[in-house]
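Q: This is the structure I want to talk about, given as structure tokens.
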Ligand code: GAR
């Protein structure tokens, strides 16, 4: 059983989707804490109603980046975390944590990377940019996390069509459906040790 930390700062719909699969006994792991840089994100209410501890960790509370990183590591060690899942967490993960948890941190992005990614590309902003660009296909990318925004090795991409009358809201809803279907599946696959890493190539042995 892997101990899972969810890093999230928003409404927590991906947290819910993963928790649902866990509760159905499909994931060989357990969400043992939720961490956010916000003080009262909606996702905390969802976690607390499921008796999952929550922690707010804001870099501004610390004198140095090193103190922030060490505090975060202390929490991860306290819960003996094996897998970190970013689900709407928009802060860069400090480099020592990326190194310590190499290939143990994953993120979901609501577009087909490497397009429409990078700092500042999150949520509706992504869908707005997709629509304005005129491209016809978008989707989701689930990837390992490295020291940069949205550049880690890709585990899975799934695509959907951008419809002529899509708005950022309608597109976001359809992309979110994909997220809820595939993010829990990838988490399950990682917990079942089905994801093999061959340099930049990630192979899913089903
Ligand atoms: C999701 O759509 C996720 O793809 C996005 O934040 C949302 C979180 O929703 N992440 C990014 O844009 C990362 N660049 P949720 O809180 O309902 O899970």
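Q: Output the relative contact order of the chain, whole-number percent, from Cα pairs under 8 angstrom with separation of 6+ residues. It would help to have the intermediate numbers written out before the result.
A: Values: 361 pairs, mean separation 41.8, N = 206.
Once normalised by length, the contact order is 20 percent.
Q: Here is a follow-up. Taking Cα pairs under 8 Å and at least six residues apart, what relative contact order does the stretch 107-203 come out at, in percent? Numbers along the way, then the final one.
A: Values: 137 pairs, mean separation 27.5, N = 97.
Normalised by residue count, the contact order of the stretch 107-203 is 28 percent.
Q: Also: With a ≥ b ≥ c taken as the square roots of the eigenvalues of the C-alpha gyration tensor of the stretch 1-86, please select rounded if a/c is under 1.5 and otherwise prolate if a/b is larger than b/c or oblate if it is not? Could you put the intermediate results ahead of the total?
A: Values: a/c = 2.63, a/b = 1.51, b/c = 1.75.
Oblate, because a/c is 1.5 or more while a/b does not exceed b/c.
Q: Related question: If you count, for each residue, the other Cβ atoms within 10 Å and average over each peptide, how do 96-106, 51-61, 82-92 line up from highest to lowest?
A: Numbers: 96-106: 17.0, 51-61: 13.5, 82-92: 20.3.
Going by the mean number of other Cβ atoms within 10 Å, highest first, we get 82-92, 96-106, 51-61.
Q: Quickly work out the residue 50-to-residue 75 label distance, labels modelled 7 Å from Cα along the C-beta direction, and quote it in nm with one decimal.
A: A separation of 1.7 nm, rounded to one decimal place.
Q: I've got another one for you. What is the angle, in °, between the Cα long axis of helix 13-23 and the longest principal axis of the Cα atoms in the chain? Nearest 10 is fine, range 0 to 90.
A: Its long axis makes an angle of about 60 degrees.
Q: Helix 123-133 versus the longest principal axis of the chain: what is the Cα-based angle in degrees, 0 to 90, to the nearest 10?
A: Between the helix axis and the principal axis of the chain, the angle is about 30 degrees.
Q: Quote to one decimal, in nm, the extra length available between residue 42 and residue 173 on full extension: 0.36 nm per residue of separation minus the C-alpha distance between them.
A: On the way: separation 131, 0.36 × 131 = 47.16 nm, distance 1.81 nm.
Fully extending the segment from residue 42 to residue 173 adds 45.3 nm.
Q: What nm value, rounded to one decimal, do you get for the distance between residue 30 and residue 194 when each label is placed 7 Å out toward the C-beta?
A: My value for the distance between the label points is 2.3 nm.
Q: Multiplying the sequence separation of residue 11 and residue 165 by 0.36 nm and subtracting their Cα-Cα distance, what value in nm do you get?
A: Numbers: separation 154, 0.36 × 154 = 55.44 nm, distance 2.61 nm.
Stretched out fully, the residue 11 to residue 165 stretch lengthens by 52.8 nm.
Q: Relative contact order, percent, of the stretch 49-118 when contacts are C-alpha pairs under 8 Å separated by at least 6 residues? The partial results should precede the final answer.
A: Values: 33 pairs, mean separation 17.7, N = 70.
RCO, the stretch 49-118: 25 percent.
Q: Helix 65-78 versus the longest principal axis of the chain: what angle, 0 to 90°, nearest 10, using Cα atoms?
A: 80 degrees
Here, each number is a calculation from the coordinates, and none is a lab measurement. Predicted model, so just to flag it, every value in this text is computed and none were measured. Using ideal geometry, Cβ is built from the backbone for each residue, glycine included, and neighbour counts are taken over all protein chains shown.
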